[in-house]
Amino acid sequence: MKKTKQIHISKPFDLLSDELVFIILDLISQNPSDLKSFSLTCKWFYQAESKHRRSLKPLRAEYLPRILSRYRNTSDLDLTFCPRVTDYALSVVGCISGPTLQSVDLSRSGSFSAAGLMRLALKCVNLVEIDLSNATEMRDAAAAVIAEARSLERIKLGRCKMLTDMGIGCIAVGCRKLTMVSLKWCVGVGDLGVGLLAVKCKEIRSLDLSYLPITGKCLHDVLKLSHLEELLLEGCFGVDDDSLKSLRHDCKSLKDIFRIWLGKVVYRSSWLLHLFWNHLTFQEKMYKQKLDASSCQNLTQRGLTSLLSGARCLQRLDLAHCSSVISLDFASSLKKVSASLQSIRLDGCSVTSDGLKAIGNMCNSLKEVSLSKCVSVTDEGLSSLVMKLKDLRKLDITCCRKLSGVSITQIASSCPLLVSLKMESCSLVSREAFWLIGQKCRLLEELDLTDNEIDDEGLKSISSCHSLSSLKLGICLNITDKGLSYIGMGCSNLSELDLYRSVGITDIGISSIAQGCARLETINISYCKDITDKSLVSLSKCSWLQTFESRGCPNITSQGLAAIAVRCKRLAKLDLKKCPYINDSGLLTLAHFSQSLKQINLSDTAVTDVGLVSLANIGCIQNISVVNSSGLSPSGVAAALLGCGGLRKAKLHASLRSLLPPSLIHHLEARGCAFLWKDNTLQAELDPKYWKLQLEDNVP
């Protein structure tokens, strides 16, 4: 028999094309540890991963030379984790990534000047977007430099309070391709600067002028922008009814504005709403899909009717915290948009039963309703609403304290397609009503039952919701380990669990959750005083765990913390406040294994200088809280703060403020660290049941 010729391949990876490898990288790009493992497989994979990555978010500016030298194809650079970006760093960015860089975010960075921005603008010839928000010290000279970026299309300058009309004029002259400009809170910019933008940058589609000291004068030019789609005038107190009336003949240019957001206090009267809306033709109103009129204290029925008349494609309406009563007459304003409206938000409004009934009768295509903190909502009103909304997907009735089991029964019977139900502090709902939720609403993905009377039988029913990913059971004093065992068996997709102050929970319940919910990412067991290290050992099997809050759990020790640290590599947020047996040994293990940790609270623990200084080994650490920790000395705290180079926020006891060298504090603040000084004294914890009763007594 003739032998088959064998082909020996010395480099099997050579058979893979770059395109195929890039597809693989796209699939694993959400997990940084997977990308790291991939790039460490071999030199060829290392090079392939370097060529593939386009977006970077470095933790420290000093890493930029090495990072950008490796990732030569970077197009999007996010420097929000780097509080101190010097002119040298921007020069490095321009020199290495100049030809490919298209977007840079400096919204949380400082320490750069006009010289650094000059190098960036000149070198990055393809730069189309830059975010300089919060650059409160940036002046007109820096704005003139930005004007050299001729390809710029989107710029954000929010809270650049030192900028004036001259700086904005330079940008307008140099950056003619701008399509999006945000000047929110640029209080030094007035009518002249805004007018120059409108005259020179004809392609603008989105313009945010919120809280600018402008008047109707500059709006003559703004309203002539033929491509304008979004105009935000929130908090523009100088734009009053009189100035808008003078624009009657110029409002024809509003034909292409599909979304006008006038925001909180701009609605001085119904005339303003009527003026803008009446100058839109039928076709233009059809494009209007979202209206945000939240916190408009003077919004009237006439004004709302003017806004909504003819807006037959309006899908989302936000009237939260408006002073008007949502009554039958007010709800009748929605008649024109009833066929298309899918979402309505009435948080904090005074809502009558007749108003809710009218909304239900007219807008039966609603999929999202939010009535959070609408204290006047009753069973009669809510029932008459939901019984008409067969396609309702999301419902928020947080703090609607007058509701009882009657409402829940109606919700469960009428809304089988619910995916989100938030009903925190609906304390009049009986235990039996929660059984219906699990039986009727089995598509639920998000359920907030904080501060309710649910018991184990209710949890047994809810365990039938197999798609449940977020479950909040804080201050639920009737649930025990038995109820959690049902959740562990039935809700394998659970990623977030809140058990704050649910004192009936012990290690047995947490073990059930850990066994059944392998993809758990967030868990809060704060003030569950019977929890011990056994729970932490169980939770260490949840390798996806990112947020762990165990504040006020006195039986947790460093041994349990070590178990979490070793096995939960994605841990990013850790709250150990008032865990007196957490000491240096736990932190040393944490510093070695938890390299993704960004935030930690060690107040009222047994940590000393040794443990705190060890956190400097975690390159990602950004937020540290250490208040009332008697084992710490000023020198130890100073060493830890200096060692954590990426620190953004430090919460310390007020007594340390006078003990730490002022030069050290100034140095850390210049590096981008904000200090919060607290003068808290350790207080005895109230019994949870007494604490809850006390809270209810204070609520009107």
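Tabulated values for the structure
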quantity	calculated
Rounded FRET efficiency, nearest 0.05, which uses the C-beta distance separating M489 from T41 and R0 of 35 Å	0.35
Gap separating the Cα centres of segment 459-529 and segment 619-656, nearest whole Å	33
5 angstrom amide H check on C236, placed H, neighbours 5+ away	Y211
Cα-based Kirkwood hydrodynamic radius, segment 344-386, one decimal, Å	10.2
Helix-only CD estimate at 222 nm, as mean residue ellipticity for the chain, using -39500 (n - 2.57) per DSSP H run (n ≥ 4)	-10000 deg cm²/dmol
Over the chain, relative contact order from alpha-carbon pairs under 8 Å, at least 6 apart, %	5
Using alpha carbons only: equivalent-ellipsoid semi-axes of segment 115-218, gyration tensor based, whole Å	20, 15, 11
Pair-distance profile P(r), taking every C-alpha pair of segment 459-569, with 5 angstrom steps and integer %	2, 14, 26, 29, 19, 8, 2, 0
In sequence order, calculated HN-Hα J values of segment 624-633 (Karplus, 6.51, -1.76, 1.60; Hz; x Gly/Pro)	10, 10, 9, 10, 6, 10, 5, x, 9, 10
Which of D584, D76 has the fewest Cβ neighbours within 10 Å, and the rest in rising order	D76, D584
Area projected by the alpha carbon convex hull of segment 410-524, averaged over all directions, nm²	5.7
Peptides ranked, highest mean first, by Cβ atoms within 10 Å: ranges 413-426, 599-612	599-612, 413-426
Aspartates and glutamates with Cα under 19 Å of K123, excluding same-chain neighbours fewer than 8 positions away	D76, D78, D87, D105, D131, E148, E153
Alpha carbon centroid spacing (whole Å) that separates segment 53-78 from segment 222-239	36
Among 34-40, 503-509, the order from most to least packed when residues are scored by Cβ within 10 Å on average	503-509, 34-40
Violating pairs (Cα-Cα greater than 21 angstrom) within the set K177/K200; K482/K534; K51/K573	K51/K573
Cα-projected label distance for R567 with D679, points at 7 Å along beta-carbon direction, nm	4.5
Rough spin-label spacing in nm, given labels placed 7 Å along Cα→Cβ, for S226 and L642	6.3
Tally of Lys pairs whose C-alpha atoms are under 20 Å apart, taken over segment 323-399, 8 or more apart or cross-chain	16
Gain upon complete extension [L59, S543; 0.36 nm per residue less C-alpha separation]	171.9 nm
Net +/- balance of residues flanking E49 in space, Cβ distance below 13 Å, scoring K and R +1, D and E -1	+4
Expected-Rg normalisation [2.2 N^0.38 Å, Cα atoms] applied to the chain	1.09
Around V566: net Lys/Arg minus Asp/Glu count, Cβ-Cβ under 15 Å	+3
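Coordinate-derived values only; no laboratory data. Note that the coordinates shown come from a computational prediction; the quantities given were computed from them, not determined experimentally. Counting neighbours? That spans all protein chains shown, and the Cβs are built from the backbone with ideal geometry, glycine included.
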